[in-house]
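As structure tokens, the structure follows; a few thoughts come after it.
The values are calculated or read from the model by the stated rules, or taken from the named source; none is laboratory data. On a predicted model such as this, the values are computed, not experimentally measured, just so you know. Using ideal geometry, Cβ is built from the backbone for each residue, glycine included, and neighbour counts are taken over all protein chains shown.
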Amino acid sequence: MAEVTLTIDGQRVTVPEGITVLEAARRAGIFIPTLCQDDRLSPWGGCRLCVVEIKGMRGLPASCVTAVAEGMVVETASPAVIEARKEILSLLLANHPQDCLTCSKSGDCRLQDYAYLYGVRGDEYQGERHNYPLEEDNPFFIRDMNKCILCGKCVRACAEVQGRSAIDFAYRGFNTRVTPPLDVTLREAGDCVFCGNCVQVCPVGALTEKQRLWQGREWEFKKVRSICSYCGVGCNITLYVKDGRVVKVTGYENPEVNNGWLCVKGRFGFDYIHSSERLTRPLIRTGERGSGQFREASWEEALDLVAEKLREIKEKHGPESLGVLCSAKCTNEENYLLQKLARGVLGTNNVDHCARL
Amino acid sequence: MTNSIADIAQADCIFVIGSNTTENHPVIGLKVKEAVRRGAKLIVADPRHIELVDWAYLWLRQRPGTDLALLNGLLHVIVKEGLYDQKFIEERTEGFEEVREAVEEYTPEKVAELTGVPARDIVEAARLYARGPRSTILYAMGITQHITGTANVMALANLAMACGHIGKEGSGVNPLRGQNNVQGACDMGGLPNVLPGYQPVTDPEVRRKFALAWGVEDLPGEPGLTVVEMMRAAEEGRLKGMYILGENPLLTDPDVSHVEKALKNLEFLVVQDIFLTETARLADVVLPGAAFAEKEGTVTNTERRVQLMHKAIDPPGEARADWEIIGELLKRLGSQGEYSSPEDVMREITRLTPSYAGITYSRLEEKGLQWPVPSLDHPGTPVLHREKFTRGKGRFHVVHFRPPAEEPDEEYPFLFTTGRLLYHYHAVISRKSRGLEEICPEPEAEINPADALSLGIEDGETVELISRRGRVKVKARVTERVSKGTIFMSFHFWEAAANLLTIAALDPVSKIPEYKACAVKVKKLLA
Ligand code: SF4
Ligand code: SF4
Ligand code: SF4
């Protein structure tokens, strides 16, 4: 591939032709803030926070939609650039409900981070605030369009990745809003499949998982990588944990598998693990079979009983009278051990699983 | 899968059959859409108007249970028009001549009659698929859950081999596995005829290797019973004791009334699960296991990628990680060796399983590894059958269409077929999720508007579905998604277990039951 060499902040960098100035800067380890940009979505250039100064070009081009060229000289943090970014942030904050104190996104919010970075307090302008009602009628997430900064990431994720186009920009000027058609809710409109991929790309607190609300601050969560427990795609996920509870799941960007995207089950269906109906102690049947009557037992007692009965049946009726079902929901290690139990200890190949069903 | 998930986006033609991908494997559905957006041509063969139909270049709406006729029909066109890959067939396969003769009778006209798919669509689909240049097949339970399930899969392989669409980037035959670790459960020997890594129990060398490692004299050499055979054996009193790990056959088995009888007839039943499932209620001992977030271990996804799960929280109460529980039992039953962690178990697995030999937990950390991984420096295998097939030459198989075991007749005039919905998965866990349950709380039977009209059934009305085996009451959903004469129902809901109606006719080879087609009648309930 052809390469070009350019200068960014005095540093000479050689990169493949055709990439953007933003990408070139990132490869050189130079930070440029962005709100509407995501490598997995088409470039838009709408938030303009990524503006830079390029010698010989008029104005301040957005680096996410400007291609590199041979000999280009780029300044990513010149006074003019900083000033422009401050202005953009001031204007955004002028219509933004500044309730970082109670906002779930606080601590993981791009707007908050950049305001801090550039020392923008949000009182530079007294702008008008929106007064949209919250959209809360679906069980999975809340849409608070008062906090929306119109970066369009959710719109692009829904159209380009999820292929649903359940939401789009509507109205003009100050009234511009991201909404399902005809201003109804996502649930009413019926096109949304509640994958929540829009929620994950939103840089601010406009879209929030319901289960996560009031569960803690972002910086309090322990993040643990895991794999979705629902289907054979094996999407990579990050579990957000506090006080022994999983409060949120996001997609992990393993480009080989799901690249951060999830479906409704993987993203929102994890709460079964905290169901009050979970079994917490071994049970031994007391009533008729099928009556559902059990008593609680200790592990010692339950395991001894199981071992004794399996041994007894094997001795009395032979190994062929025993059977084992492995589980498509358990781990490799667990399935391995169970078939070892069947073959190596009980002496039977009556081993199968239900997943051929 | 012979190929990778990421690889789907590389295909020029994607043939999806028997897979409602966007609902059952949603994130793979995204890949398919990505490919279409990039210009790939999508062919969807499905009796229902599933979401991918809206993305398809061509929709083949075959009658349920006629896939094999359709697939042979495609191959017929490919043969007739000389679209096959002569070089690939000569170098890599055997048995093409027999198959070529066998598909002779499957003319587009005849296949159109059997399947209801217009002859010109059959011809066009065959051309699109054959010409690729990179064509890939995705299929799921819609193909396997028939008495001709194994034959269906062979017919897909015939198609791919004839066109040379296998063993390359963007070209393969890809079964989409259902639950999160079906692949791994099979890999680990959760099957009656093989030990881990598909090493046959009938091979004395293999048995000796495992016996030695496990410190026992010998292992049983006869293949055991499949799950459906076990249920029969239990019903007949030949099987006395069962150990069921994390499964709920009472909901997922075909013909559930038999299963209940079978399990009740056991002398001793142990169920290890996280909930008191319908099956666990029948147990003598219930052992509380751990959910995925509560334990460490690996799972293998549908593209053979072994991936690592970390423990995030403790199991509730006294519940324990399942590997610990089984480890305790192994000890009590006199097995040698103890395991300090799942990683410890994995070390034993990799010693005994050549396709997992190069796996270590630390290698899995970032992206996982696709087996076979024969050694520690092997990068894994994204595309199978590149140079040769597992058995050397790829074998064509002559397979002929047979109608479903039970076809609609005067008394039971509707073809009944089952599947999953986006919001649920095999009932147990998704139904304990509040959001998923709220958005999709009730079972529904889909019925075509024309049928609904002639029976006087309205959308949302409760009706009774009756088969020769059982009956269920369920809400009717009047929709064009199903064609005339067909009823579709999901099997997530115990309130109206679809499997009370289905038939335990088995595929003779895979022993997979025929979920996808049986005959029912619809009864309007008196108000
Ligand atoms: S949840 Fe998914 S489908 Fe719904 S609006 Fe967001 S991205 Fe679109
Ligand atoms: S809701 Fe979030 S992602 Fe969507 S436009 Fe507004 S700020 Fe951007
Ligand atoms: S997030 Fe959805 S697609 Fe991904 S593994 Fe989970 S259930 Fe499957």
Are any of the residues in the range B:254-263 modelled with pLDDT of 95 or more, in a helix (DSSP H, G or I) and at negative phi? no
Out of A:278, A:267, which single residue is at pLDDT 95 or above, closer than 30 Å to residue A:235 by Cβ and more than 7 Å from every other protein chain (Cβ to nearest Cβ)? A:267
Check on residue A:74, modelled with pLDDT of 95 or more and either crowded, with 19+ Cβ neighbours inside 10 Å or within 16 Å of ligand 1 (Cβ to nearest atom) (or both): yes
Note: among B:288, B:220, just one is over 25 Å from the mean Cα position of the chain (by Cα), surrounded by fewer than 23 Cβ atoms within 10 Å (Cβ to Cβ), in the same structural domain as residue B:199 (by TED's automatic domain parsing) and touching a residue at least 12 places away in the same chain (Cβ under 8 Å), namely B:220
Pick from the range A:110-148 the residues that are away from ligand 3 (no atom under 16 Å from the Cβ), within 19 Å of the chain's Cα centre (by Cα) and among the hydrophobic types (A, V, I, L, M, F, W, C): which of them is farthest from residue A:267 (Cα to Cα)? A:111
Among the residues of the range B:405-446, which ones are among the aromatic types (Phe, Trp, Tyr) and at pLDDT 65 or above? B:412, B:414, B:416
Just to be sure before I move on: is residue A:192 within 16 Å of ligand 3 (Cβ to nearest atom) and in a helix (DSSP H, G or I) in the structure I sent? no
Can you name the strands (runs of 3 or more DSSP E) wholly within the range A:137-184 that have at least 2 residues being more than 13 Å from ligand 1 (Cβ to nearest atom) and within 14 Å of chain B (Cβ to nearest Cβ)? none
Per the filter on the range A:224-260, residues of a type in the set (Phe, Trp, Tyr) and farther than 24 Å from residue B:247 by Cα are A:240, A:252
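A quick yes/no check of all residues on (1) part of a strand (DSSP E or B); (2) in contact with a Cys (Cβ under 9 Å, 6 or more places away or on another chain):
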residue	(1), (2)
B:127	no, no
B:130	no, yes
B:138	yes, no
B:151	no, no
B:157	no, no
B:160	no, no
B:166	no, no
Does the range B:306-326 include one or more residues that are of a type in the set (S, T, N, Q) and out of contact with any strand residue (DSSP E or B) (no Cβ under 7 Å at 6 or more places or on another chain)? no
Which count do you get for residues in the range B:189-204 that are more than 12 Å from residue B:224 (Cα to Cα) and more than 7 Å from chain A (Cβ to nearest Cβ)? 5
Let me confirm something: among A:269, A:196, which residue is in contact (Cβ under 8 Å) with a residue 24 or more places away in the chain and within 16 Å of ligand 2 (Cβ to nearest atom)? A:196
Could you identify the single residue in A:307, A:302, A:297 that is over 32 Å from the mean Cα position of the chain (by Cα) and either in contact (Cβ under 8 Å) with a residue 60 or more places away in the chain or farther than 28 Å from residue B:349 by Cβ (or both)? A:297
Considering only residues of the range B:307-340 that are more than 7 Å from chain A (Cβ to nearest Cβ) and surrounded by 21 or more Cβ atoms within 10 Å (Cβ to Cβ), which is nearest to residue A:244 (Cα to Cα)? B:315
Of everything in the range B:32-47, what is of a type outside the set (A, V, I, L, M, F, W, C) and either within 27 Å of residue B:69 (Cα to Cα) or at the interface with chain A (Cβ under 9 Å from one of its Cβ atoms) (or both)? Give them in sequence order. B:33, B:34, B:37, B:41, B:46, B:47
Of the residues in the range B:168-196 that are in contact with a Pro (Cβ under 9 Å, 6 or more places away or on another chain) and in a strand (DSSP E or B), the one that is nearest to ligand 1 (Cβ to nearest atom) is B:171
Filter the range B:354-382 down to the residues that are buried (at least 19 other Cβ atoms within 10 Å of the Cβ) and among the β-branched types (Val, Ile, Thr), then identify the one that is nearest to the other protein chains (Cβ to nearest Cβ). B:359
Hey, residue A:204 away from chain B (no Cβ under 14 Å), under 26 Å from residue A:114 (Cα atoms) and not in a helix (DSSP H, G or I) or not: yes
Given the criterion farther than 25 Å from residue B:223 by Cβ and touching a helix residue (DSSP H, G or I) at 6+ places or on another chain (Cβ under 7 Å), identify the matching residue among A:340, A:314, A:265. A:265
Among the residues of the range B:279-295, is there at least one that is modelled with pLDDT under 95, more than 7 Å from every other protein chain (Cβ to nearest Cβ) and assigned to a loop (DSSP other than H, G, I, E, B)? yes
From the list A:170, A:189, exactly one residue is of a type outside the set (Phe, Trp, Tyr), at pLDDT below 95, within 15 Å of ligand 2 (Cβ to nearest atom) and within 28 Å of residue B:54 (Cβ to Cβ). Which is it? A:170
When you look at residue B:29, is it without any contact (Cβ under 8 Å) to a residue 60 or more places away in the chain, over 23 Å from the mean Cα position of the chain (by Cα) and either within 14 Å of another protein chain (Cβ to nearest Cβ) or away from ligand 3 (no atom under 16 Å from the Cβ) (or both), yes or no? no
Looking at A:41, A:35, A:60, A:49, which one is within 16 Å of ligand 1 (Cβ to nearest atom) and part of a loop (DSSP other than H, G, I, E, B)? A:41
Leading residue by the ranking (surrounded by the fewest Cβ atoms within 10 Å (Cβ to Cβ)) among those in the range A:208-232 that are within 16 Å of ligand 1 (Cβ to nearest atom) and more than 13 Å from the chain's Cα centre (by Cα): A:210
Do you know which of the residues in the range A:311-347 that are more than 7 Å from chain B (Cβ to nearest Cβ) and among the hydrophobic types (A, V, I, L, M, F, W, C) is surrounded by the most Cβ atoms within 10 Å (Cβ to Cβ)? A:342
Can you find even one residue in the range B:102-112 that is surrounded by 18 or more Cβ atoms within 10 Å (Cβ to Cβ) and out of contact with any His (no Cβ under 9 Å at 6 or more places or on another chain)? yes
Tell me, please, whether a residue that is within 16 Å of ligand 2 (Cβ to nearest atom) and not basic (Lys, Arg) can be found in the range A:234-255. yes
